[in-house]
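> Next up is a structure, given as structure tokens.
The values are calculated or read from the model by the stated rules, or taken from the named source; none is laboratory data. All figures in this text were calculated on a predicted structure; none of them were measured in a lab. Ligands, DNA and RNA are stripped out before the accessible areas are found, and what is left, the full protein with its side chains, is counted by its heavy atoms. Shrake-Rupley method; radii C 1.70, N 1.55, O 1.52, S 1.80 Å.
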Amino acid sequence: MMKGHNFILITVLPIMGTLVLLCALAGALLMCDQRRRVREVEKWDDGWLSISMIDGKALYRDILNATGDFDAKFCIGKGGHGSVYKVNLPSLGNIATKRFHSSFENTHPKSFMNEVRALTGIKHWNIVNLYGYFSNAQHSFLVYEYVERGNLSSILSIEVESKKLDWIKRVNIIKGVAFALSYMHHDCLPPIVHRDISSSNILLDFKYEARVADFGIAKLLKPDSSNCTAFAGTYGYVAPELAFTMKVTQMCDVYSFGVLALEIIKGKHLEEYITVLANSSTIDHVQHGDFLDERLPYPEDRVNEILFFYHQTPKSRPTMHFISHKLSSMDVHPPTHQRNPYIRRAT
């Protein structure tokens, strides 16, 4: 019996050892191959490329051909950093490309990669999906999902379109932005502060659901850093303490979110009312109806509760985690379909 056991050990152990070595060798070769592929994908033609879809070089050429080398007639939006183009490709359908201005790239060379770093690895329904990026001597542009209805600012400024945003849609837009910011602040490592939350940087899809976009000045908060930076953002949305401290915290986004929430409810930016809300001696004399969009019927639900989320001082502002939890409990009709916001749709 012992001889049988010894025979099995003598026979099996060398075979198992050989298999373990083969597996380790195969794993090492696979890792080397993956690293080689990453290098091939990221560096080409004296430029940089990273794309999550098939054949990045071919897609680069297809985008240039489809837009006539970024002809103005394909442009659907312009901003301080660059222009956005709608691109229709037979293989992918509609996508959006954000081409950075060459002058901006010369003066702010970090902005392009800053947006890439902020969006790489983020998977949330309410954050615009980055497919990839390209950068060489001729062009620097990002490839995004195409969000059908464009930015919220434009929709609110057009009376016919703004009337389609009933109270339920508006509250769900506010919820979507809150969920995205809560994810960025509390579920990402390191935490991400957007720094430019405004109606121009909120996109709406076909079902009027929100996507947070434009991460050009986003800040990844590092625990071993002061996280101080130059003053930046959209006038009217920037937290006032930034002008004095230059320190970026999650509370900066909370302030901007409060301003945005009021804008969505009113249908326009509440420039003159921001200081009124901040003044405890005058807020009691303001009617909630003053903050509602007169183009819509007076709401019967609890839209007014959103006024609770506007706070002037950083210490008095709730976190986005608290805000998103509070909004989730509001008695407002849910979106047209239920899903886990952390799971992106198939691309």
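> On a 27 Å Cα-Cα criterion, which of the cross-link pairs Lys123/Lys219; Lys169/Lys222; Lys73/Lys169; Lys78/Lys164; Lys175/Lys266; Lys164/Lys326 come out too long? The partial results should precede the final answer.
On the way: Lys123/Lys219 18 Å; Lys169/Lys222 36 Å; Lys73/Lys169 31 Å; Lys78/Lys164 24 Å; Lys175/Lys266 16 Å; Lys164/Lys326 25 Å.
Table pairs above 27 Å Cα-Cα are Lys169/Lys222; Lys73/Lys169.
> Also, quick follow-up: On alpha carbon coordinates alone, what is the Rg over Rh value for region 95-184, Rh being the Kirkwood radius?
On the way: Rg = 15.9 Å, Rh = 15.2 Å.
So for region 95-184, dividing Rg by the Kirkwood Rh gives 1.04.
> Next question, about the same structure. Counting only heavy atoms of protein chains, what accessible area per residue, in Å², does region 107-155 have with a probe of 1.4 Å?
Values: 1870 Å² over 49 residues.
Result: 38 Å² per residue.
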